[in-house]
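Enquirer: Got a structure here, written out as structure tokens. Questions coming.
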Amino acid sequence: MKVGSAEDHITVLIIDDEENIRDGSERILTKASYNVLKASGGEEGLKIVKNDTVSIVLLDLKMPGMDGIEVLEKIREYDETIIVIIITGFATVETAIEAMKQGAYDFIPKPFKPDQLRITVNRASEKARLQHEAEKLEQEKKRTLTDLDTEKSRIHTILTSLPYGVVVTNTGGQVVLMNTAFRQLLNLKPDKKTGNGIEHYIPDTALCSQIVDISKGKYVDYDDLTDYEFSLSNGTYLLAKGQPILGEKLECLGAVVNVVDVTSMKMLDKLKSEFIAKVSHELRSPLSTIHEQLALVIRDEVSEVSENEQHILTRAQEKTRGLISMIGDLLDLSRIEERLICQDPKPVQLDQLLKSIIEFLGTRTKMKNQSLVLDLPKDSLPIINADPIAMESIFGNLITNAINYTPKGGKISVKADLAGVNIRVKVIDNGFGIEAKYLDKIFERFYRVRKEKTRYITGTGLGLPIVKGLVDSLGGFIEVESTPGKGSTFTVLLPING
């Protein structure tokens, strides 16, 4: 981390497009003896990060141009030790939580009081100082793993004060150090001694096996070291991340594992899903009634209303249909998150399923004078053991999207074949296409690319997230290739023995 000596003032960078937020935060933090830098946008902020000494960044999520999530990713790529605090409005709390999962330290909601800002930044400042002190101690290289667990060790004192759990193992997977937070998170007795295998401290067998492998230097590529989530018998959910400790000759000396309590995040996700499900159920029935009544009015009184009134009734019917569709999508997402879909797999003949979807959607393509063709191999595709409803939702959504985003007279083709141990299905269109900068966002909830040619296409922005969630649940894979003005190709791979 780019900080000076321990006596130096901590430098805080404020990246926010609202001038009053920047200036107000500067006044509060300057009085608290912080050095403050300001930027009105993401690109300007990144230049400051690279050219100045910055320890803490206050980052607004919603900014024109480069948004907060993208800025966070670039800061993490440049220097992971820079502490990022998200500034968020009520409407973006969910995104702020997602940002924390991607490495943000904390978030503070707008509008915030001076004390809230001071407390949050002070907490981050303390972490920055602890990190810097830990880096200095690491550079000294005057301690070995075997004497970390002594009260004389300065690094022991620092690790003990960290708010998240830390455990260190030697090359045999035996614990040589664990801090107070780790003991508390794992409900270990205060007199629990070090020196035993990691399995005596962590109850999850798979995680213990991974830690032992890290300790023995079996992980050469750090990209293979993913976060590991596990739960305790008391209902606590913990997130662990381990990495090897390397010596001067890059030999593995053991492993260090960070453990964080994510129970509150899990509970928040559960409450959110329950809220969505309850509200959706309450709205579906009255909206369906309104939709049916509008259909009756349009059918029975079409000759008695003016052209303008007819247009208003038709638009109202379209809007209620859209709301009903969105409610269905929200319920599907809730079921995916709660893992209630794909729990009862059955044999599915994909050839027949695709034929029935094509036949059902054929009327829609005829209205737009589009060509919709299905290309199947001569021999029948192998039967897949999967949830039939999930399969219908995956390909129904993809083909419907292709129809909606292809102009009149366009062509949509669906091709299915074998690809090793997978069945590969491609949905190809020659429609409007998607710019490369949007391809990594189209599977996000409610995200829709709004351009001149697509702004009038109705939709919830939930179809592709549902497809992605279902494909993941089936153990499959989905990718997209697209060229603006030429069309898109969505490719789905599903395991035959899923």
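Enquirer: Report whether or not T406 is hydroxyl-bearing (S, T, Y), assigned to a helix (DSSP H, G or I) and in contact (Cβ under 8 Å) with a residue 12 or more places away in the chain. Even if it seems obvious, please write down each step before you answer.
Expert: Details: hydroxyl-bearing (S, T, Y): yes; assigned to a helix (DSSP H, G or I): no; in contact (Cβ under 8 Å) with a residue 12 or more places away in the chain: yes.
No; evaluated as a whole, the condition is false for this residue.
Enquirer: Any idea how many residues of the stretch 59-84 are among the hydroxyl-bearing types (S, T, Y) and more than 25 Å from H132 (Cα to Cα)?
Expert: The total comes to 0.
Enquirer: Next question, about the same structure. Could you identify the single residue in L462, L470, L494 that is at pLDDT below 80, within 16 Å of G396 (Cβ to Cβ) and buried (at least 17 other Cβ atoms within 10 Å of the Cβ)?
Expert: Details: L470 fails: at pLDDT below 80; L494 fails: at pLDDT below 80.
Exactly one of L462, L470, L494 is at pLDDT below 80, within 16 Å of G396 (Cβ to Cβ) and buried (at least 17 other Cβ atoms within 10 Å of the Cβ), namely L462.
Enquirer: Continuing with the same structure: I'd like to know if the stretch 105-118 contains one or more residues that are among the aromatic types (F, W, Y), under 27 Å from H132 (Cα atoms) and at pLDDT 90 or above.
Expert: The answer is no, given that none of the residues of the stretch 105-118 is among the aromatic types (F, W, Y), under 27 Å from H132 (Cα atoms) and at pLDDT 90 or above.
Enquirer: Of the numbered conditions (1) over 17 Å from G475 (Cβ atoms); (2) under 29 Å from the mean Cα position of the chain (by Cα), S413 satisfies every one except a single condition; which is it?
Expert: Going through (1) over 17 Å from G475 (Cβ atoms); (2) under 29 Å from the mean Cα position of the chain (by Cα) one by one, S413 breaks only (2).
Enquirer: Can you find even one residue in the stretch 371-387 that is in a helix (DSSP H, G or I) and of a type outside the set (S, T, N, Q)?
Expert: No, the stretch 371-387 has no match at all.
Enquirer: Checking the structure you have, find out if any residue of the stretch 167-175 is buried (at least 16 other Cβ atoms within 10 Å of the Cβ), modelled with pLDDT under 90 and within 30 Å of L61 (Cα to Cα).
Expert: There is no residue in the stretch 167-175 that is buried (at least 16 other Cβ atoms within 10 Å of the Cβ), modelled with pLDDT under 90 and within 30 Å of L61 (Cα to Cα).
Enquirer: Can you pull out the residues in the stretch 463-485 that are under 17 Å from the mean Cα position of the chain (by Cα) and assigned to a strand (DSSP E or B)?
Expert: F477, I478, E479
Enquirer: Identify, by number, the condition in (1) buried (at least 22 other Cβ atoms within 10 Å of the Cβ); (2) at pLDDT 90 or above; (3) closer than 18 Å to T11 by Cβ that Y34 doesn't meet.
Expert: Exception for Y34: condition (1).
Enquirer: So in the stretch 406-427, with the set limited to residues that are among the β-branched types (V, I, T) and touching a Pro at 6+ places or on another chain (Cβ under 8 Å), which one is farthest from K378 (Cα to Cα)? Give the steps one after another, and end with the answer.
Expert: So the first thing to find is which residues in the stretch 406-427 are among the β-branched types (V, I, T), and the list is 406, 412, 414, 421, 423, 425, 427.
Subset that is touching a Pro at 6+ places or on another chain (Cβ under 8 Å): 421, 423.
Working: V421: 18, I423: 14 Å.
Result: V421.
Enquirer: Of all the residues that make up the stretch 10-29, how many are in contact (Cβ under 8 Å) with a residue 40 or more places away in the chain and surrounded by fewer than 17 Cβ atoms within 10 Å (Cβ to Cβ)?
Expert: Matching residues across the stretch 10-29 total 2.
Enquirer: Within the set of pairs 6 or more residues apart or between chains, which connect a residue that is in the same structural domain as F107 (by TED's automatic domain parsing) inside the stretch 48-67 to a residue that is of a type in the set (S, T, N, Q) and surrounded by fewer than 16 Cβ atoms within 10 Å (Cβ to Cβ) with Cβ atoms less than 9 Å apart?
Expert: Correct list of pairs: S55/T81.
Enquirer: Just to be sure before I move on: is I87 over 22 Å from H132 (Cβ atoms), of a type outside the set (D, E, K, R) and in the same structural domain as K113 (by TED's automatic domain parsing) in the structure I sent?
Expert: yes
Enquirer: Return the only residue of S264, S273, S233 being at pLDDT 75 or above, assigned to a helix (DSSP H, G or I) and closer than 30 Å to Q210 by Cβ. Don't jump to the end; show me each part of the working.
Expert: Numbers: S273 fails: at pLDDT 75 or above; S233 fails: assigned to a helix (DSSP H, G or I).
The match here is S264.
The values are calculated or read from the model by the stated rules, or taken from the named source; none is laboratory data. Please read all numbers here as calculations on a predicted model, not as lab measurements. Don't worry about glycine lacking a Cβ; one is built from the backbone with ideal geometry, like all the others, and counts go over all protein chains shown.
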